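I have placed the structure first, in the form of structure tokens, so that the comments after it can refer back to it.
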């Protein structure tokens, strides 16, 4: 996950397109992608929001005890400790 050109506008547009086109049948993966990218950019509140949405969707899609659900819960509860946290910012600094 090294989205060098990702912006918050792109992430918001992606979610809007999913909702507009009613592509909401399986949303765990898209929400997860958006959550990780917000973390990558250093936006904790948005990363937590979409991480929580990914958890909710993954529970429905895979069941509450699925490995993906566990990983997403850990991410959503500790965004700033995830390897993706502010990765873009850190890369710019050196």
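The values are calculated or read from the model by the stated rules, or taken from the named source; none is laboratory data. Keep in mind that what you see is a predicted model, and the values were worked out from it rather than measured. A quick note on method: Cβ atoms are made from the backbone with ideal geometry, for glycine too, and the neighbour counts reach across all protein chains shown.
Would you say residue 57 is surrounded by 14 or more Cβ atoms within 10 Å (Cβ to Cβ), touching a residue at least 12 places away in the same chain (Cβ under 8 Å) and over 18 Å from residue 10 (Cα atoms)? Considered against the rule, which asks whether it is surrounded by 14 or more Cβ atoms within 10 Å (Cβ to Cβ), touching a residue at least 12 places away in the same chain (Cβ under 8 Å) and over 18 Å from residue 10 (Cα atoms), residue 57 comes out as yes.
Quick check on this structure: which one of 61, 19, 32, 12 is in a helix (DSSP H, G or I), over 13 Å from residue 85 (Cα atoms) and under 8 Å from the mean Cα position of the chain (by Cα)?
Working: 61 fails: under 8 Å from the mean Cα position of the chain (by Cα); 19 fails: under 8 Å from the mean Cα position of the chain (by Cα); 12 fails: under 8 Å from the mean Cα position of the chain (by Cα).
One residue alone meets the criteria, 32.
The residue pairs whose first member lies in the stretch 5-22 and is on the phi > 0 side of the Ramachandran plot and in contact (Cβ under 8 Å) with a residue 24 or more places away in the chain, whose second member is part of a helix (DSSP H, G or I) and surrounded by 11 or more Cβ atoms within 10 Å (Cβ to Cβ), and whose beta carbons are closer than 9 Å, counting only pairs six or more residues apart or on different chains, do not exist in this structure.
Report whether or not residue 28 is at pLDDT 95 or above and either exposed (fewer than 11 other Cβ atoms within 10 Å of the Cβ) or on the phi < 0 side of the Ramachandran plot (or both).
Working: at pLDDT 95 or above: no; either exposed (fewer than 11 other Cβ atoms within 10 Å of the Cβ) or on the phi < 0 side of the Ramachandran plot (or both): yes.
The answer is no for residue 28.
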